[in-house]
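The values are calculated or read from the model by the stated rules, or taken from the named source; none is laboratory data. Just so it is clear, the model here is predicted, and its values are computed rather than measured. When we count neighbours, we look across all protein chains shown, and the Cβ atoms used for this are built from the backbone with ideal geometry, even at glycine.
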Amino acid sequence: MSAKNILLTSVGVFLLIVGLAGLFVPILPTMPFILVAYVCFNGNPRIRARLLRNKVFQKYLENYQRNPGVKKTIILMGLWPLWGTLWLSMVAVNRLWSTILLTCVGIVATIRLLSMTKSLKGS
């Protein structure tokens, strides 16, 4: 496994855990984290297939595969809770390494989510 795949799988596992926490924490969005984690697992087909078999997320992930675009307004609404949660985590942990890590995760997630927007015709 390449260093890139290891890094992406690690980020994917982190995002998956955060997304699963969103099932129990009302202010934490679940699906943006699960979708970005799913994309991070591109280099690990076993984990990707297992996530796709999950009954809770299966219909959302299959829909993502068929229609890989999301309206820009939905993406922008999802970015606020994403960054708000990351910021709260940074403040709670109050360590430089966690701030750097969470900022990097936020940037990668934001870039990926913005790349998922439909064209202006579809918005």
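The criterion of being under 13 Å from LEU15 (Cα atoms) and surrounded by fewer than 18 Cβ atoms within 10 Å (Cβ to Cβ) holds for MET31. Within the stretch 64-100, track down each residue that is within 16 Å of the chain's Cα centre (by Cα) and loosely packed, with under 12 Cβ neighbours inside 10 Å. Within the stretch 64-100, GLN65, TRP80 meet the criteria.
Screening VAL11, VAL18, VAL36 for residues that are closer than 20 Å to ILE111 by Cα, in contact with a Lys or Arg (Cβ under 6 Å, 6 or more places away or on another chain) and of a type in the set (A, V, I, L, M) leaves exactly one candidate, VAL36.
Inside the stretch 35-56, can you point out the residues that are outside any helix (DSSP H, G or I) and buried (at least 16 other Cβ atoms within 10 Å of the Cβ)?
Taking the stretch 35-56 first, the residues outside any helix (DSSP H, G or I) are 44, 53-56.
Matches in the stretch 35-56: ASN44 only.
Does the stretch 17-34 hold any residues that are modelled with pLDDT under 90 and either assigned to a helix (DSSP H, G or I) or not hydrophobic (A, V, I, L, M, F, W, C) (or both), and which are they? Within the stretch 17-34, VAL18, GLY19, LEU20, ALA21, GLY22, PRO26, PRO29, THR30, MET31, PRO32, PHE33, ILE34 qualify. Only residues that are over 19 Å from TRP83 (Cβ atoms) and in contact (Cβ under 8 Å) with a residue 40 or more places away in the chain were counted across the stretch 1-42, and they come to 2.
Tallying residues that are in contact with a Lys or Arg (Cβ under 8 Å, 6 or more places away or on another chain) and in a helix (DSSP H, G or I) within the stretch 57-84 yields 1.
If the condition is being within 21 Å of ASN67 (Cβ to Cβ), over 12 Å from the mean Cα position of the chain (by Cα) and without any contact (Cβ under 8 Å) to a residue 12 or more places away in the chain, then the stretch 101-117 contributes only SER115. Scoring PRO45 on the criteria (1) in contact (Cβ under 8 Å) with a residue 40 or more places away in the chain; (2) within 15 Å of SER10 (Cα to Cα) leaves a single failure, condition (1).
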